[in-house]
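To keep things clear, I will list the structure first and then write my remarks on it.
Derivation of every value follows stated rules applied to the coordinates shown; laboratory data play no part. On a predicted model such as this, the values are computed, not experimentally measured, just so you know. When we count neighbours, we look across all protein chains shown, and the Cβ atoms used for this are built from the backbone with ideal geometry, even at glycine.
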Amino acid sequence: MSCFQLDPSSIVERVKASGAPAKIPSLGESLLRGILGFTVVSVAGFAPWALAGPLLQRGIGEAGMYAACELTFIGLSGLLLHRLIIGPGSLPRFYKLFSLTFALYSVAWIAGWMGLHGHRGSLVGLFAGSALMGGIIAWAFDERRAAPATIAALFVLNTIGYYAGGWVEGKVAKLPNLSLAGLVVEKPAPLTIAMLLWGVCYGIGLGAGLGLAFHVCQAGVRRRLSS
């Protein structure tokens, strides 16, 4: 917890030291920031796979392609989502926390999917990844009692977004081919668009989960600042 300095006392001390009142987001504002911000992040993160997957796999291998996607997720996340953390100094702390949790989430999902395959593998991976992410977020904010709610929010909303994206991808991929505004891609345009739309759905789902998780885990911060 000390490496993140996101416990209520540390956040309140930073707010007091800044000499400026902290912007305390409502639940709706946290959800909106999470959804909009992470949807942009997700589309960008899906882009290497959707637009140049075969090319990247030939050049840096499948593992390299997935690493490029993950680095895109992590690199953009802080710029668009760090305000989910109340008070000054949120950008570097968000990067520390999200880099760790998203890397563990990715490893857990890949392990579940590759080990079990199909829907069962996806669900096991999504749950394991959500449990790691939600548990560490709650621990970082010193709100361990919020861990069950945080894990549940991430798992349910992430799963909805993931499977909604898979359904949309399956429908759009079957559409007749069309031009893609002059972009040179290695897949038929409907499939490329379908994969990016999966990124939109995934971003909305996990983004809502992140917005809710960060809001729930800062209840103690809001109480102290309000008083």
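Rounded to the nearest 0.05, the FRET efficiency derived from the C-beta distance between Arg58 and Lys96 at R0 = 45 Å is 0.85.
The value of relative contact order for the chain, using C-alpha pairs under 8 Å at least six residues apart, is 32 percent. The modelled label-to-label distance for the pair Arg224/Ala152, using points 7 Å beyond Cα in the direction of Cβ, is 2.6 nm. Take the Cα of Leu71, step 7 Å toward its Cβ, do the same at Leu175, and the gap between the two points is 3.2 nm.
Taking the longest Cα principal axis of the chain as reference, the axis of helix 189-216 is set at about 10 degrees. Note the angle between two axes, namely the Cα long axis of helix 118-140 and the longest principal axis of the Cα atoms of the chain, as a number of degrees from 0 to 90, rounded to the nearest 10. Rounded to the nearest ten degrees, it is 20.
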